[in-house]
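The values are calculated or read from the model by the stated rules, or taken from the named source; none is laboratory data. Everything numeric here is computed off the predicted structure, so don't read it as measured data. Positions of Cβ are backbone-derived with ideal geometry, glycine not excepted, and every protein chain shown enters the neighbour counts.
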Amino acid sequence: MRRQSGQSSVEMIGCAVLLAIATVAVLEALTIVRARITAERVADQAAVLVGEGRPLPASLRDAARIERRGDRIVVSVPLPVHLPALPAAAVVTATVPR
């Protein structure tokens, strides 16, 4: 009986570790998606403002790094947590309307 109890303890710890790793992976994926959505929103707003010749408000500049490259706006939103083998920022490009 004691041997089975020890085996189930090891299995429980193994499952807990796998569950923790899966949780971290899901949270990191959600963080990347959120940064991507923010970058898309900022890029669209910045492209419209630049197309209209209006200055970018501080709220957009604070949310992301914004660069103009010809008729394109490139927006980078840094990720709050950086894990190896994952991007450091979500980068989106939008075209300035004419």
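Quick notes on this structure:
- Residues within the range 60-98 that are among the hydroxyl-bearing types (S, T, Y) and more than 20 Å from T31 (Cα to Cα), tallied: 1
- Looking only at the range 84-98, and only at residues there that are touching a helix residue (DSSP H, G or I) at 6+ places or on another chain (Cβ under 6 Å) and at pLDDT 80 or above, the one that is surrounded by the fewest Cβ atoms within 10 Å (Cβ to Cβ): V96
- Taken together, the residues in the range 64-83 that are buried (at least 17 other Cβ atoms within 10 Å of the Cβ) and outside any loop (DSSP other than H, G, I, E, B) amount to 6.
- Among the residues making up the range 66-98, those that are closer than 18 Å to R34 by Cβ and without any contact (Cβ under 8 Å) to a residue 12 or more places away in the chain are H82, A88.
- Any chance E40 is at pLDDT 85 or above, surrounded by fewer than 14 Cβ atoms within 10 Å (Cβ to Cβ) and within 25 Å of the chain's Cα centre (by Cα): no
- Any hit, the range 27-34, residues being assigned to a helix (DSSP H, G or I), loosely packed, with under 12 Cβ neighbours inside 10 Å, at pLDDT below 90 and of a type outside the set (A, V, I, L, M, F, W, C): no
- Only one of the listed residues (A46, A20, A58) is within 22 Å of V81 (Cα to Cα) and either surrounded by 10 or more Cβ atoms within 10 Å (Cβ to Cβ) or out of contact with any Gly (no Cβ under 6 Å at 6 or more places or on another chain) (or both). That residue is A20.
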